[in-house]
1. Could you identify the single residue in Val97, Val111 that is more than 24 Å from Lys71 (Cβ to Cβ) and touching a Phe, Trp or Tyr at 6+ places or on another chain (Cβ under 8 Å)?
2. Please go through region 626-646 and pick out each residue that is over 24 Å from Ile461 (Cα atoms), open to solvent by 20 Å² or more (accessible area, probe 1.4 Å) and touching a residue at least 24 places away in the same chain (Cβ under 8 Å).
3. Would you be able to tell me the number of residues in region 353-401 that are of a type in the set (Val, Ile, Thr), more than 30 Å from Arg225 (Cα to Cα) and in contact (Cβ under 8 Å) with a residue 60 or more places away in the chain?
4. From the set of residues in region 35-46 that are more than 19 Å from Gly75 (Cα to Cα) and touching a Leu at 6+ places or on another chain (Cβ under 6 Å), which is modelled with the lowest pLDDT?
5. If you scan region 589-602, which residues turn out to be open to solvent by 30 Å² or more (accessible area, probe 1.4 Å) and either aromatic (Phe, Trp, Tyr) or in contact with a helix residue (DSSP H, G or I) (Cβ under 8 Å, 6 or more places away or on another chain) (or both)?
6. I'd like to check something: does region 137-147 contain any residue that is under 30 Å from Tyr277 (Cβ atoms), touching a residue at least 40 places away in the same chain (Cβ under 8 Å) and over 32 Å from the mean Cα position of the chain (by Cα)?
7. Exactly one condition in (1) part of a helix (DSSP H, G or I); (2) surrounded by 17 or more Cβ atoms within 10 Å (Cβ to Cβ) is not met by Asp322; state its number.
8. Of the conditions (1) more than 30 Å from Leu290 (Cβ to Cβ); (2) at pLDDT 95 or above; (3) aliphatic (A, V, I, L, M); (4) open to solvent by 50 Å² or more (accessible area, probe 1.4 Å), Met497 fails just one. Which one is it?
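The values are calculated or read from the model by the stated rules, or taken from the named source; none is laboratory data. Since this is a predicted model, take the numbers as computed values, not measurements. Virtual Cβ from ideal backbone geometry, glycine too; neighbours counted across all protein chains shown. Heavy atoms of the whole protein, side chains included, go into the accessibility calculation; ligands, DNA and RNA do not. Shrake-Rupley method; radii C 1.70, N 1.55, O 1.52, S 1.80 Å.
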Amino acid sequence: MRKFLALLIVLPLFGMSKTPKILTRDIVYLKNGEEIMGSVVKITGDSLLILTGHGNIKLARGAVLSIESSKRRPGDMWEKVSDIKDTLLLRALKINVDSIFPSAGYVNIFVRKSFKLNNGNYEYTERKIIKILKERGKRAANRFFRYHHRYEKGEIVFARTVTKDGRVVSILDNAIEDASVFSNYPDYDDLHRIKFAIPEGEPGNILDYEIKITGKSSGKHPALRRILMGDNDPTYEEIVSISGPNLIIKTENAENLKADTSQSGEVVFTLRNHPGYIREPHIPPLHYILPAITVAERAGLDYYRAYLDTLLANFDAERLIDSLASRALTLEDTVFALYRFVAQSINRVPADGNSFSMFPKAPGKVIKNSMGSEVDKAFLLYAILKKDGLSPELILTTSKDLWNTYPDIQNISQFSGIIVKLDSVYLDPVNDRMPLGYVRPEYQGTRGVTLDGTSVEIPFIPYEREGETNFMNITLTNTGDLLVSDKYLYRGEDGVMVRSLKQYRKVELEKLLEQSVNWAPGTVLDSFSLSDLQDLRIPPRISLYYHIPEYAIVANDLILLKMPDLTEYTASDVGATERFNPLYFSRNYRRIKDIVINLPPGYMVRYIPEGFKGRVKFMSFNSLLFKDSGKVHYSDETIRFGGIYEKSLYPDYRKIVEGMARLRDNYIVLQRMKR
């Protein structure tokens, strides 16, 4: 707790009638445990002079334990509510948001966001005044924002807390961290993240902070800002102002926004009494459900096209193509050889066009370094195909996890990635696990723009090329043991994830696979094999062989066998009876499961449960059980389509998921046959 000593001598260097001008903010820690906040203006051999908001304090150096310095920010010298001069903060202190939003963890009382463009210079500011109401609202005190340090400057203008007992506590520099996101990759060290912890973030306290990002628009970095309004918790009032010449403004989910334009051309959006959004399973990215604003400078793509043309003109790929395609017998083989080189021989830097740059590095440099960003790798493939005499298209697009793509905004800053199209095949060589012709789910179903400005749509991968197929053969013994042969084939995104297993050591892999088969207590993994992890044209496979002692219940002449390996059929995602947000699935998906249970000799089937089937607009499930000459067969198929679906479909979706979950609790009953 900070204390100011009444026993210290106050020396009026600047006169008692005037408030001293404090240039820095220091905390002087005394050996007796007390603290003084002010500005250390002079240190001599035996004394220390501190300039405070109330005058000057002279201390003996022997009484000082340590000094902690921080940058001075507006309002840092406020100590109590009566010192506050900011009108917006004073207004916030008078609003009883507790009664308006009684169930909230925190409430954004006032939010002010501003984007200004003037003579090529832009400034974005964001201020939030937040009241913490409950323990779960304490997370509001931990904040962060990102900026591109090559083009921009990011700073915390101020950050402080007004406590419920009337104190004002400002942030110190040791609660702020400005760090590079990609510091391990010096050539890609651009995106920075400033994290800060606002002090005393406790229930009943009010947080107040403002951040600012400034930059200069250029051909490589034309001005663009994405602004999301609203929050997880409620917002009492949020105002966004936009000003500047030659701007394009796009809005989404703006039904509750009030928009005004002043005579000077400033556009102001106002949102009041927004309840916040409810976190739910399969919730869409927030720009699909919250008011979203894109403001962009009209920049065009001419500079970008010229840049790429220069890279192509200076790229000599003849030797590379000859070496890669020397054994190719067909055009398809050639394309695959070139694709495989980029996907598997060029290590990926985990930076997309939004976090680093949409301007790729020279293809020759990427090959020499064997390393490139997602944009570098995509352009390298495009360049190689182009140099080989083919006619690829380069498609600029934005991850749907990030934002929408607006084809009529000719501004390179809105994009985050490149997809290469060759004839009807879309190529995304982002890493060494991506099969030929597969596109990451975040780019499936998005709109894109070709280099000539044409709008295109990147389709979803068909469900036949996604998901998994599982063939399980089980031998049941008369003691209730299961001997299991379990084989999987993975396609699409599932295959991409499974291919990552190639980096594991055998002992690590064995532990991981032991966990995957542990759907019943006592499972013992006997052996396993993995195949086709390197070949990007063949779906990878995993074969598992294991046994489960005493899985089934043996009772006199009966054996009760619980349906095996349906533990992933759970209703946890549909526990709520109602839905607040649309349903979202990033990709198409298909799962096929086929189980054959070989009965122990001398037993017959007394009872098998019925299958289940259900259908809703975006999903179908169909299962079947039947007996056949000493065997029980179970099969099912799940098909789900990617996209965003209205919440009114949730009840039907919930019925399907609950029906699937009930299957795993069913029993097959066997009876010993009489001799």
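1. It is Val97.
2. First pass over region 626-646, keeping only residues over 24 Å from Ile461 (Cα atoms): 626-635.
Subset that is open to solvent by 20 Å² or more (accessible area, probe 1.4 Å): 626-631, 633, 635.
Scanning region 626-646 gives Gly630, Lys631, His633, Ser635.
3. So the answer is 1.
4. It comes out as Val41.
5. Arg590
6. no
7. With respect to (1) part of a helix (DSSP H, G or I); (2) surrounded by 17 or more Cβ atoms within 10 Å (Cβ to Cβ), Asp322 is out only on (2).
8. Failing condition for Met497: (1).
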